[in-house]
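Asker: Have a look at this one.
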Amino acid sequence: MIIAPSLLAADPRRYAQETRRADRSGAEWLHLDIMDGHFVPNISFGPAVVKAIRPLTRLFFDVHLMCSKPEILLEPFRDAGANQIIVHVELGERVMGLLWRIRALGVKVGLAINPPTDIAQVRPYLGRIDHLLVMTVNPGFGGQEFIHETVPKIQQAAAWRRERQLNYHIAVDGGINFQTAVECARAGADVFVSGTALFGRRNLKAAVARMRKLVSAEEREARALLRPQTARA
Ligand code: DX5
Ligand code: ZN
């Protein structure tokens, strides 16, 4: 399982120090929310910030483009140090071309889906992605309440992954805290993007360790349930 603190929830006056805090936290990834003020009603930060913090850590940079024209941003973010680039399935017929372009840039390929969007929309792309990001809030802001109605979408994505023997990550993003992370792990998620619940804590390292412990316990329980009856006797 992977824990990915979301820098959007960090103190914008201290992105360098907050990146170093994440680097020492035991998290594997740093989630970077890029907002263009058009796809979502907010603007966050751009390639210059990503480039500035890149030398401060070896964390995997998970760049989430909440942008209406991601095609003009792919290279700038790859050059700034992105290890993965995520675009939204809501971009419609442009999605397949975008996924191929991200792949051609030599970074991991991610696809995100918003709460109101039917999970069937991602089906045509599952064989072409490394990472499926199931939004558990409507994108645009940190600190929102988890939307429980998104849980069946996680379950469906996990079922398709099993049936088709694919190995994309299933990530959840938005309102992920110590309780909702466990609920999402139970549903099949393996990457946990969390802003407020992690960066909002004085001790980020302890918060990451606590979320990891809770999710690992849930994953062990889920594996035990999958084992044949005899093995469990
Ligand atoms: C929302 C972003 C999320 C957000 C998560 O549009 O995609 O990554 O920063 O923040 P929390 O964990 O505070 O909901
Ligand atoms: Zn995000």
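Asker: Compare the peptides 161-168, 33-40 by average per-residue count of other Cβ atoms within 10 angstrom and give them in order, highest first.
Answerer: 33-40, 161-168
Asker: Then there's this: How are the C-alpha pair distances of the stretch 2-232 spread across 10 Å bins, as whole percents from the shortest bin up?
Answerer: 8, 35, 38, 16, 3, 0
Asker: Can you give me the solvent accessible area of S44 with a 1.4 Å probe, rounded to the nearest 10 Å²?
Answerer: 40 Å²
Asker: Roughly how much of T57 is accessible, in Å² to the nearest 10, using a 1.4 Å probe?
Answerer: 10 Å²
Asker: Probe radius 1.4 Å, ligands and nucleic acids left out: which of H131, H148 has the largest accessible area, and how do the rest follow?
Answerer: Result of the area sort, largest leading: H148, H131.
Asker: On to the next question. All other residues with a Cβ under 10 Å from the Cβ of H64 taken together, and with Lys, Arg as +1 and Asp, Glu as -1, what is their net charge? List each step's numbers first, then the result.
Answerer: Working: positive: none; negative: D33, D62, D173.
That sum, taken over residues with Cβ under 10 Å, equals -3.
Asker: Only helical DSSP H runs with n ≥ 4 go in: add -39500 (n - 2.57) per run for the chain, normalise by residue count and round the 222 nm mean residue ellipticity to 500 deg cm²/dmol.
Answerer: Result for the chain: -11000 deg cm²/dmol, rounded to the nearest 500.
Asker: Probe of 1.4 angstrom, ligands and nucleic acids ignored: what's the accessible area per residue over the stretch 2-232, in square angstrom?
Answerer: 47 Å²
Asker: Lys and Arg at +1, Asp and Glu at -1: add these up for the other residues within a Cβ distance under 14 Å of R202 and post the number. Before the final figure, lay out each step's value.
Answerer: Details: positive: R14, R21, R24, R201, K205, R210; negative: D11, E18.
Once all neighbours under 14 Å are counted, the net charge is +4.
Asker: Just to confirm a number: summing +1 for Lys and Arg and -1 for Asp and Glu over residues other than L74 whose beta-carbon lies under 14 angstrom from that of L74, what do you get?
Answerer: Values: positive: K69, R78, R94, R101, R103, K108; negative: D36, E71, E75, D79.
That works out to +2.
Asker: Further question on the same structure: Just by accessible area at a 1.4 angstrom probe, what is the order of R223, R78, R128 from largest to smallest?
Answerer: R223, R128, R78
Asker: Within the accessible area of the chain, what % is carbon and sulfur when the probe is 1.4 Å and the other protein chains stay in place?
Answerer: Working: 5680 of 10980 Å².
Here it works out to 52 percent.
Asker: Based on the Cα atoms of the stretch 76-197, what semi-axes does the equivalent ellipsoid have, where each is the square root of 5 times one gyration tensor eigenvalue, given in whole Å with the largest first?
Answerer: 22, 17, 13
The values are calculated or read from the model by the stated rules, or taken from the named source; none is laboratory data. Given the structure is predicted, the values throughout are model-derived calculations rather than measurements. Please note: Cβ atoms are built from the backbone with ideal geometry, for glycine as well, and neighbour counts cover all protein chains shown. Ligands, DNA and RNA are stripped out before the accessible areas are found, and what is left, the full protein with its side chains, is counted by its heavy atoms. Shrake-Rupley method; radii C 1.70, N 1.55, O 1.52, S 1.80 Å.
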